[in-house]
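The numbers here are math on the coordinates, done by the rules we state, and not lab data. Everything numeric in this text was worked out from a predicted model, so none of it was measured. Don't worry about glycine lacking a Cβ; one is built from the backbone with ideal geometry, like all the others, and counts go over all protein chains shown.
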Amino acid sequence: MKIVKKLLEKYPWIKYLAGLVPFILACIGYAQSGEMNVFQVIYAAIAIYFVNPVCDYETPIILFAKIAAVVVTAGIILSFVKYAFYKIEHFFSRFSKDATVVYTDNELGRALGSTLKHGYVVDGLSKPERVKNHILMLSDDAESIRFVSQNAKALSNKNVYMMMNGLDSSLLGAGNLINTQMHFFNVNDLMARDFWKKNNLYEHRDENYKIAIVGSGDIAFAIFKYGYLNNIYSLKHSFEYHIWGMEGSRADFLKNLSTENNDKIIVHENPWDMDMDVLIDMDRLIYTEKEDQIDFIQKVLYVNPLAEIYCYSDEKISYTDIYGSDKIMVFGDMENILTEDNVKSEKLYRQGKLFNYDYALRYSNRTAPSDYEKEMEDEWKKLDGFKKSSSIARADHYWIEKRLKNDGIMDEDSEDAWRIEHIRWSRFHLVNHWSFAEKRDNSRRKHNLLIPYENLPLSEKEKDGIYDSTIKAEIDRLDREN
């Protein structure tokens, strides 16, 4: 059945061809009677679809054609009823304030669509549906961008959430979609952000903690990237990221990537199983490949039985019962990660908008008016993909800043907090291929502030805090809700 389903998805014309089989068989059967001309044969063959034969002549082939025609007609009627039901369901879904449509051509999109509170799935692309929220989950990034560009007017003032597969959203310009609320997401990024939020290193913030990441693909890089961006908890810790499996330009990039603090990035050239003397000292091991997981777990347990081991799997499996250890965990379950709330990330996006608006107020030496919402949205719409991502990254790390304050460890307006924020800001730029230059040049990804915190002028140091009290209160309110 799976083979048939895949064939129908790839070649939808097959089902239409199958619907003609009864007609062709009936034509052959009636022609064999020798009592009808061509037009009568065609008319009689068509009539069997309406369960209304016009000829009493019958042979086994005509009988089979009649039965098959009934099946085809019933299928058409059921398809029409199903289509009408979906249209009615879609019509009433649109009345919800959070009405959402998912445009997709893959199983990930259909799975997400099935979880929508108020919404539905559209296979492929047509004209934009009349709803507030549009989630684009197509296999081809260029097709998604083309759809949004061609329908900019229809999508005006709508929320558009676009899945990026290979295209880096930080490279996208603001374009001509000034009136469209564009949000980008990547499945691996969602998973990596979720992983480090749930398995954060807050309790190890003053330690020398060693992390092994094994894998050669995008999942391994996403896990490293979000750990690198968010695992900044104090000025004392020394986290070591040991990486196995990266090759080529990506490995060269990581070897030269600065951490801006005492953390270290070590890219190993040997296969992981040839460096067991290194793995023995790891505190956490993250295995991102689907193959040879059992082999990895067992070899690590032989030499490092107390380490935390995390294995990636997009299926629901558990190694806890097998090995009797609560330190062997699985991550990557798309049912928990690819949800409507995670894709929309409304609180995170709003915090990102607030941080960006706070920067705008600081640069214009103003305070927020009581009705700042429209002004905030207008400032956000001006941003390209990189600047939006930068503000969202700031919001993504903010919970750590708040927890440090709530635990009485560090005041968020202290110079230590500003130092941590400058490290985070620098890392975001560095991991997105920016570098230092005496003169800032956005087009060449050069920035004059990619320098140690101590070398910043006071006016720049202060920018690492939150400027406006009204905006800060709203950011904190959202943080309490997360």
Identify the residues of segment 205-240 with backbone N under 11 Å of a label point that sits 7 angstrom from the Cα of D407 along the Cα-to-Cβ direction, or state none. 205-207, 233-234
Debye intensity ratio I(q)/I(0), log10, segment 100-185, q values 0.12, 0.13 Å⁻¹ (C-alpha model): -0.31, -0.36
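Within the set K117/K374; K15/K344; K210/K463; K225/K387; K439/K461; K198/K344, which residue pairs have Cα atoms separated by over 29 Å? Let's see the in-between values first.
On the way: K117/K374 27 Å; K15/K344 37 Å; K210/K463 32 Å; K225/K387 17 Å; K439/K461 18 Å; K198/K344 19 Å.
From the list (K117/K374; K15/K344; K210/K463; K225/K387; K439/K461; K198/K344), the Cα-Cα distance tops 29 Å for K15/K344; K210/K463.
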Over the chain, calculate the relative contact order: mean separation of alpha carbon pairs under 8 Å at least 6 apart, over the residue count, as a percent. 10
Which one, F224, C55, L285, is farthest towards the positive end of the dipole of the chain when Lys and Arg carry +1 and Asp and Glu -1 on their Cβ? C55
Once label points are set 7 Å from the Cα along Cα→Cβ at both R130 and M334, what is their separation, rounded to one decimal in nm? 3.3
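With +1 on each Lys and Arg Cβ and -1 on each Asp and Glu Cβ, how big is the dipole of the chain about its Cα centre, in debye rounded to the nearest 20? Before the final figure, lay out each step's value.
Values: 61 positive and 73 negative charges, 382 e Å.
About 1840 debye.
If the only charges are +1 at each Lys and Arg Cβ and -1 at each Asp and Glu Cβ, what is the size of the charge dipole of segment 188-272 around the Cα centre, to the nearest 20 debye? Intermediate values should be presented prior to the final figure.
Details: 10 positive and 12 negative charges, 32 e Å.
Here the size comes out at about 160 debye.
Computed from the mean reciprocal separation of all distinct C-alpha pairs, what Kirkwood hydrodynamic radius does segment 191-337 have, in Å? Mind showing how you got there, number by number?
Details: mean 1/r = 0.0642 Å⁻¹.
One decimal place: 15.6 Å for the Kirkwood radius.
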Given only helices, namely DSSP H runs of n ≥ 4 each adding -39500 (n - 2.57), what is the per-residue ellipticity at 222 nm of the chain, to the nearest 500 deg cm²/dmol? -15000 deg cm²/dmol
Can you give the relative contact order of segment 200-312 as a percent, counting alpha carbon pairs under 8 Å and 6+ residues apart? 29
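On full extension of the chain, what length is gained from D277 through D295, given 0.36 nm per residue of separation minus the C-alpha to C-alpha distance?
Details: separation 18, 0.36 × 18 = 6.48 nm, distance 1.65 nm.
Answer, rounded to one decimal: 4.8 nm.
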Can you compute the modelled spin-label distance between Y43 and K197, with each label point 7 Å from Cα toward Cβ, in nm? 6.9
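What FRET efficiency comes out for D140 versus R110 if R0 is 22 angstrom and r is the Cβ-Cβ distance? Round to the nearest 0.05.
Working: r = 16 Å, r/R0 = 0.75.
Approximately 0.85, to the nearest 0.05.
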Just to confirm the filter: which chymotrypsin sites (Phe, Trp or Tyr not before Pro) across segment 223-297 are DSSP coil and have at most 15 other Cβ within 10 angstrom of their Cβ? none
By how many degrees, 0 to 90 and rounded to 10, does the Cα axis of helix 187-198 deviate from the longest principal axis of the chain? 50
Packing-based exposure ordering (other Cβ within 10 Å, fewest first) of D341, D56: D56, D341
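Quick one: length gained pulling S469 to E315 fully straight, 0.36 nm per residue minus the C-alpha distance?
Values: separation 154, 0.36 × 154 = 55.44 nm, distance 4.55 nm.
Length difference between fully extended and current span is 50.9 nm.
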So how much slack lies between S156 and D252, counting 0.36 nm per residue of separation and subtracting their Cα-Cα distance, in nm? 30.3 nm
With r as the distance between the Cβ atoms of L20 and D441 and R0 = 51 Å, compute the FRET efficiency 1/(1 + (r/R0)^6) and round to 0.05. 0.20
Rounded to 5, the percent of DSSP beta bridges in the chain classed as antiparallel: 0
Can you give the alpha-carbon Rg of the chain over 2.2 N^0.38 Å, where N counts its residues? 1.27
From the P(r) of segment 375-452, can you give the percent of Cα pairs sitting at distances over 18 Å? 51
For a quick check: sort F428, F39 by the number of other beta carbons within 10 angstrom, fewest at the front. F39, F428
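Counting other C-beta atoms within 10 Å, which of D277, D168 has the fewest, and how do the rest follow?
On the way: D277 8, D168 15.
The most exposed by this proxy come first: D277, D168.
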R0 = 45 Å: FRET efficiency of N165 with E460, Cβ-based, nearest 0.05? 0.75
Estimated translational D of segment 343-481 in µm²/s (Stokes, Kirkwood radius over Cα pairs; 4 °C; 1.567 mPa s): 82
